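In what follows, a structure is listed as structure tokens, so that the remarks can point back to it.
The values are calculated or read from the model by the stated rules, or taken from the named source; none is laboratory data. This one's a predicted model, so the numbers in the text were calculated from it and none came from an experiment. So basically every Cβ, Gly included, is an ideal-geometry build from the backbone, and we count neighbours across all protein chains shown.
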Amino acid sequence: MELFLTAILILAAAALVTALLAALASFCPPSAANCRTANCLGSCCAALGCLTGLCAVAAGPWDATLILELPWGLPAGALVLGLDPLSRIFLLPVFGLGMVCAVSGGLSLRHTSPREHNLGAHWFFYLLLLLGMVVVMSARDAVLFLLAWEIMSLAPFFLIDFNDGDSKVRDASWVYLVAAHLGAVALIAFFGLLWQSAGTTSLAALQGGQALREAGPGVLAALFILAVLGFGAKAGLAPLHVWLPEAHPAAPSHVSALLSGAMINAGLYGLMRSLNVLSALWIAPEWWGWSLLLLGLATGLMGILKALAQSNLKRLLAYSSVENMGLMFMGVGAGLIGQSSGNAWIALLGFTGALLHMLNHAGFKGLLFLCAGEVLHATGTVHMELLGGLQKRLPLLGAAFALGAAAIACLPPLSGFAGEFVLALAMLDGPSLPGVERQMGLLLALTGLALISGLAAALYAKAYGITFLGEARTGFAANAHAASWRTLWPLGLPALACVAGGLLAPLFFGLASFTALNAAPLPDGLMAGALEARAQVRGSLGMVSLLGAAGLCLALALLLARRLLLRRRGAPVARTAQSVQTWGCGFQAGTPRIQYTDASFSEPLARVFAPVMGLRVRRRQVSGLFPDRAALNVTAPDRLRSGLFTPLFEAVERLCNACKIIQHGKIHLYILYILATVVGLLVWGLHT
Amino acid sequence: MNQGTVFYLIQLFLALILAPLLPGIINRVKARFAGRQGKPLLQTYYDLARLLRKGEVIGRTATWTFSAGPGVALAATLCALALLPLGGAPSPLGFGGDFLLAAYLLGMGRFALILAALDTGSSFEGMGASREAAFSALAEPVLFLVFLMLTSLSLDLVRHTGQSAELVAALSLSAMFGGQATEAWLAGRAELLLAPAVFFVLLLVENCRIPVDDPNTHLELTMIHEVMVLDHSGPNLAMIVYGAALKLWFFAALTAGLLTPPLPLWQQAGLCLLIILALAAAVGVVESVMARLRLTRIPHLLGGAAALASLALILTQVR
Amino acid sequence: MTTLLPTILFLLLLNNLVLLGMSRLRGLIRLTAFQGILLTALLLCLDHALLAGAVLLIKGLLLPGLLMRTRKGLHAATSLKPRLHRGLGILAGMAGLVFSLWLEARLLILPDLFPPLLLPTALTTLFCGLILVVGRTTALSQVIGYLVAENGIFLLGVPLMTAGAVWFELALLLDVFVAVFVMGIAIHHIGETFESIDVGRFRSLRD
């Protein structure tokens, strides 16, 4: 626990110093030295703090529950931090990605001109975000939790707004701010109601649900709905996901990697924490689990289809985060269903699958966002239709992206498969539930999962294939700067996580299942079954990793055999590779522009899923004998944003404008308001 | 090594040896329908032998993704095949949930080939890659639906015999093809016959046979798989051809595994082999009597298969 | 004979789903005829030989023949214009099946009254008929929808039949026959007058 506190102190101290530097930079004329110091100090201290934090999380037995109570000056709440398995497993991506993103961000920002950006401020908010996440995941008091949540929600606003010269970026950060605060409103209501009905703000006292024994089912249902709204907004649950595809492309890539890999997990963390409070051991009503499962399935399908429609690489990744959060929510839903129907297998594997997928998602999504950042850095754009052929120019980066893409497309033996395997196993036991509608519900959800993963493979084939393979489509890609290993080495850690998550899957499964049993405890009667299930699934995962490794060896052997065969023929591969043009069916004057683009790649699926993907096609067709230039433009605007939220907010604006009658600018009438309020309050207070 | 493992290894060896025979049978049947003599039955073997002796031509656009694609795809298909119970013998590698691994391994192979196609930078191959990605994504849930039906059958069996400890073992391919499905349909549960039917449709879809794709014409704008592998040559093309034959064997063995009644070991294996060869002939017949579907109709075909599979799934849940 | 019963019921269910997915009128009519034949087989399984003969005559031969005749006389387009997308229709049929299974578990019926799967099959047939009525626009397919729905009701009645009720069922069959006969003639006239049997166009008849 001391180590954990040290990590927090390092981060806080670094935040203070960077704040000073930021103040210095804004009052004095901008200097390169200040900028460089801020960048160096900020990134190194963030990395150091995270490394310490990682040690703190990994130190000691995983199930040790540590509590640290510090003095607190406020009337409500207490400054209590704690580490238990659930906190630990969610802190792993926070610290791990925090470290990688800090180093990578420091490297990518090292040539920033001090006139354009105040790096001190940037690193201050980065550290603040890290601190906020750390405290959120370890707070043991509702008031502290909410405060940290606010800090965690506010800091990204300034981080997203890094390139504030661009109006789109400013818009995106506003969208983020509004979404974060709407979620926070639900959370404040949630904790207020919790406080009122349980009488305490200490999360430790609430744990296990003993405090809520007397609360009626109506209160519990209201609490559940508020929690899903509040935490779902952070996690990007449809239809509250609209901020993700705006914020992630706008933010610098190391920030979007951290947001997508670690911060949105806070939604899942909060939900699991509050479910532990609300569902005092298997009393959760059945509809909670089903609604979460359905919400997760809908989010997953919507996310992956919208991702397929995107042409901006970072927007695509953002929608893919929405999809992955959907999968995790499916897992939580299945876990709740298992709990309420007394099925140890489904309960254990549902929660475990969600946690395992969360861990793996942090690895590959962090890797992919950082790669996208490097692509942006090297070429100046992340629009896939302008790129292509980057594999030749940036071979290392291409390999890293390919690895991440294969992992997130759930291809064995990489990490994405392990999480989905556990989720699928959880839902496979659907036939043991009572009633055909429940059985079919779980099995059809599993079919939905299969569809999602099939679409994910198509999506990432597109993301990698269009961006990195083929010929450079425009000058952006053709004139890409080379990226040396000196800037790319921070990507090694998430890349390693992608491989290790697959090949060491039993290890991570053990961790996640232990956490799941601890965070969502099962009644004693089911414990034996759960332990049995854990042992069996661990054995299965062991076979998966074994076969995965065998498959890798087999693939290597085949490639080697091919090489040998070619050698024997005396036909050096290198010579042919330089000389031959790709066969164009006899057409010799092909240009890179005739290649398939991202929009054309996803066209067959866009036809089938047209209502969800919502492509907007604008075309100017060839007509007449002497035609003009023809054009085709395919975009995929978010319909939920334009169809649901924009009208909603416009209505609110109209309502607020209507209220402006009472704001007329006459001071004496304002004083009358005050008088009326005071009198009214007096009357009310004396009356009761 | 016990007897079962040896027997399985023999079966696997037979599959690896005989797989290239299937395209030969299909072509022979098609030729007979068209009133031609046709290529020799062993043509695929000759092709493979010749391709392995040739050098490769690699376009200047291509990178290692292009060169490595076929090898990775073949390795994935081999691993998937090794998980499948063959000729009634359970796979020694089988474990609970291995059908998920097998399905995703096939996905891995497809992914590698799609990337290899995009790596050539030809719009033609991009077209094939895009279609392959789309249709395989749509075929995935159908495959899962059938597997789910089979798992719920084997779970049923486990529950009735009361070995709840073996829950996870019931989720393996070897348990699914343990003969209970065949016994059940022989006893009058006709809905189980939908499973081999859907497997057969999936065989046509995944192996790019006629109502979905025409394996004989490379150069039409409507093609899928063949367009995708157009630029490969030499050993890489050999690996693709052999991988395609293995995949055909994989799906044919899935279908045959459900159709073969439980018999003594050698008889069952022989019958299974016969059914696989007969299925190849059936593919030839289908290819001869049917026209290719329009591309926009292929999702309908898959949707129909999904509907049949879910009907079977619902009915197995009830009983 | 009773071992055949589950197979027949399964074929009936399959028939229903194919009905929902069928895109041509001719196929629809053939499937209706097949449904009649399946009903006959079902009755034979349950030892109602007399009724089986009548059902075969009316549902298997007469009604489909009548519909076929009407279709030929219409010169209407052979393809059906679905109001509901066909995939959605099949999905709705599936949902109907799950719902009927759920209903079967909830309903309190004498335990041995219905053979297994008969009640859900009957209800699903009913639902599929109604989905056909709602989802297709030509008048002829609506008649077919009613016929299928009636088949469902007939199936529901089968286990309840005692010796006396057979005559009642026969009378009902005759009623349906006459109804369809009249409708067939009516549709023929409608087709001649409007040159279309798209029920969407009947809206112009309102005042």
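Filtering A:L559, A:L605, A:L564 for residues that are assigned to a helix (DSSP H, G or I), more than 7 Å from chain B (Cβ to nearest Cβ) and modelled with pLDDT of 85 or more leaves a single hit, A:L564. Is there a residue being under 20 Å from A:A463 (Cβ atoms) and either buried (at least 24 other Cβ atoms within 10 Å of the Cβ) or facing chain A (nearest Cβ under 9 Å) (or both) anywhere in the range B:95-105? Yes, the range B:95-105 contains at least one residue that is under 20 Å from A:A463 (Cβ atoms) and either buried (at least 24 other Cβ atoms within 10 Å of the Cβ) or facing chain A (nearest Cβ under 9 Å) (or both). In the range B:309-319, the residue that is surrounded by the fewest Cβ atoms within 10 Å (Cβ to Cβ) out of those that are aliphatic (A, V, I, L, M) and facing another protein chain (nearest Cβ under 8 Å) is B:V318. State whether one or more residues within the range B:254-269 are under 30 Å from B:G35 (Cα atoms) and touching a Ser or Thr at 6+ places or on another chain (Cβ under 9 Å). No, the conditions are met nowhere in the range B:254-269.
Within the range B:158-184, restricting attention to residues that are under 27 Å from C:L12 (Cβ atoms) and without any contact (Cβ under 8 Å) to a residue 60 or more places away in the chain, the residue that is nearest to the other protein chains (Cβ to nearest Cβ) is B:A184. A single entry from B:L219, B:L193 fulfils the requirement of being at pLDDT 85 or above and within 12 Å of another protein chain (Cβ to nearest Cβ): B:L193.
Residue check: B:A116 meets all listed conditions (1) within 10 Å of another protein chain (Cβ to nearest Cβ); (2) within 15 Å of the chain's Cα centre (by Cα); (3) not charged (D, E, K, R) but one, namely (2).
Scan the range A:409-430 and tell me whether some residue there is more than 9 Å from every other protein chain (Cβ to nearest Cβ) and within 18 Å of A:Q310 (Cα to Cα). So far as the range A:409-430 goes, no, none of its residues is more than 9 Å from every other protein chain (Cβ to nearest Cβ) and within 18 Å of A:Q310 (Cα to Cα). Counted as qualifying within the range C:21-122 are the helices (runs of 4 or more DSSP H) with 2 or more residues that are within 23 Å of A:G441 (Cα to Cα), namely C:86-106.
Restricted to the range B:222-273, and to residues there that are in contact with a His (Cβ under 7 Å, 6 or more places away or on another chain) and β-branched (V, I, T), the residue that is modelled with the highest pLDDT is B:I240.
Is it true that A:L212 is at negative phi and surrounded by fewer than 22 Cβ atoms within 10 Å (Cβ to Cβ)? So A:L212 passes the test.
For the range C:107-120, the criterion of being farther than 15 Å from C:L19 by Cβ, out of contact with any strand residue (DSSP E or B) (no Cβ under 6 Å at 6 or more places or on another chain) and of a type in the set (D, E, K, R) is satisfied by at least one residue. Among the residues of this structure, A:G590 counts as one that is more than 30 Å from A:A238 (Cα to Cα) and either touching a strand residue (DSSP E or B) at 6+ places or on another chain (Cβ under 7 Å) or within 9 Å of another protein chain (Cβ to nearest Cβ) (or both). I'd like the full set of residues that are within 22 Å of A:L558 (Cα to Cα) and not basic (K, R), limited to the range B:22-52. Answer for the range B:22-52, where residues must be within 22 Å of A:L558 (Cα to Cα) and not basic (K, R): B:T44, B:Y45, B:Y46, B:D47, B:L48, B:A49, B:L51, B:L52. In the range A:480-492, the condition of being over 26 Å from the mean Cα position of the chain (by Cα) and in a helix (DSSP H, G or I) is met by at least one residue.
Among A:L51, A:L41, A:L66, which is touching a residue at least 40 places away in the same chain (Cβ under 8 Å), surrounded by 15 or more Cβ atoms within 10 Å (Cβ to Cβ) and closer than 17 Å to A:M133 by Cα? Step through it out loud before you land on a result.
Values: A:L41 fails: closer than 17 Å to A:M133 by Cα; A:L66 fails: closer than 17 Å to A:M133 by Cα.
Just a single option satisfies the conditions, and that option is A:L51.
Restricting attention to the range B:53-90, which residues are at the interface with another protein chain (Cβ under 10 Å from one of its Cβ atoms) and either over 24 Å from A:A406 (Cα atoms) or not in a helix (DSSP H, G or I) (or both)? Within the range B:53-90, B:R53, B:K54, B:G55, B:E56, B:V57, B:I58, B:G59, B:R60, B:T61, B:A62, B:T63 qualify. For the range A:401-411, the count of residues that are more than 30 Å from A:G267 (Cα to Cα) and either small (G, A, S) or in contact with a strand residue (DSSP E or B) (Cβ under 9 Å, 6 or more places away or on another chain) (or both) is zero.
Considering only residues of the range A:61-84 that are under 28 Å from the mean Cα position of the chain (by Cα) and among the small types (G, A, S), which is modelled with the highest pLDDT? Filtering first and then ranking leaves A:G82. Take A:G416 and tell me if it is modelled with pLDDT under 95, within 20 Å of the chain's Cα centre (by Cα), under 22 Å from B:L118 (Cβ atoms) and in a helix (DSSP H, G or I). Against the criterion (modelled with pLDDT under 95, within 20 Å of the chain's Cα centre (by Cα), under 22 Å from B:L118 (Cβ atoms) and in a helix (DSSP H, G or I)), A:G416 qualifies. It is to be established whether one or more residues within the range A:478-490 are at pLDDT below 90 and within 14 Å of chain B (Cβ to nearest Cβ). Yes.
Counting only residues that are over 13 Å from A:H122 (Cβ atoms) and either touching a helix residue (DSSP H, G or I) at 6+ places or on another chain (Cβ under 7 Å) or free of Cβ contacts under 8 Å to residues at least 60 places away in the same chain (or both), which one in the range A:22-36 is surrounded by the most Cβ atoms within 10 Å (Cβ to Cβ)? Ranking the qualifying residues of the range A:22-36, first place goes to A:L24. Being surrounded by fewer than 16 Cβ atoms within 10 Å (Cβ to Cβ) and either in contact (Cβ under 8 Å) with a residue 12 or more places away in the chain or of a type outside the set (S, T, Y) (or both) holds for only one residue in A:V169, A:V175, A:V185, and it is A:V185.
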